[in-house]
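Step one of this worksheet: look at the structure below.
The values are calculated or read from the model by the stated rules, or taken from the named source; none is laboratory data. Since the structure is predicted, the reported quantities are computational estimates derived from the model, not experimental observations. Here the Cβ positions follow ideal geometry from the backbone for every residue, glycine too, while neighbour counts run over all protein chains shown. Each accessible area value is taken on the protein alone, full model and side chains, heavy atoms only, with ligands, DNA and RNA left out. Shrake-Rupley method; radii C 1.70, N 1.55, O 1.52, S 1.80 Å.
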Amino acid sequence: MCYIISSMRKNITKHIKPLRPEGLPEDMRRELKDARVGRGWSQRELGSRLGLPQMHISGIESGKIVPRYDTLLELVRILDRDLLMVPRALVPAVQSLIRDHLRHDQQGESEERPLYGDADDEQKSPERKDEV
């Protein structure tokens, strides 16, 4: 039995998985940076709003630093965003809605639109009159 324990000690690190990822996903880092730049904030200004040094913001945006959950939550909320858990099966639909929203914002159409159809569709369809 001592031999088994001894061999386990040598290989114990192979079986331990890190709890924290290497870095935030690249698309998330890009979105955070784009949101910061869109507000006209420097890394230093964003850091001062969060109580973090500029180097920490730079590390998060570059992927060298993985923020704690509470820090990430504050970061996205101060940038007028939110974290959302979405079932994987719905991720493509949510991404499509976001792309559509961003496309309309870039065209200057930031007003609300119906989710499932155009408002024009209702006006184009002939109204049926009930016969009495």
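Each residue in the stretch 1-41 was checked for being open to solvent by less than 60 Å² (accessible area, probe 1.4 Å), at pLDDT below 90 and not polar (S, T, N, Q), and 2 of them qualify. Residue check: is ALA119 small (Gly, Ala, Ser), modelled with pLDDT under 65 and farther than 18 Å from GLY23 by Cβ? Answer is yes for this residue. None of ARG77, ARG44, ARG49, ARG103 is open to solvent by 100 Å² or more (accessible area, probe 1.4 Å), at pLDDT below 90, part of a helix (DSSP H, G or I) and of a type in the set (Lys, Arg) except ARG103.
Here is the figure for the stretch 59-74: residues that are open to solvent by 40 Å² or more (accessible area, probe 1.4 Å) and either assigned to a loop (DSSP other than H, G, I, E, B) or under 16 Å from GLU22 (Cα atoms) (or both) total 5.
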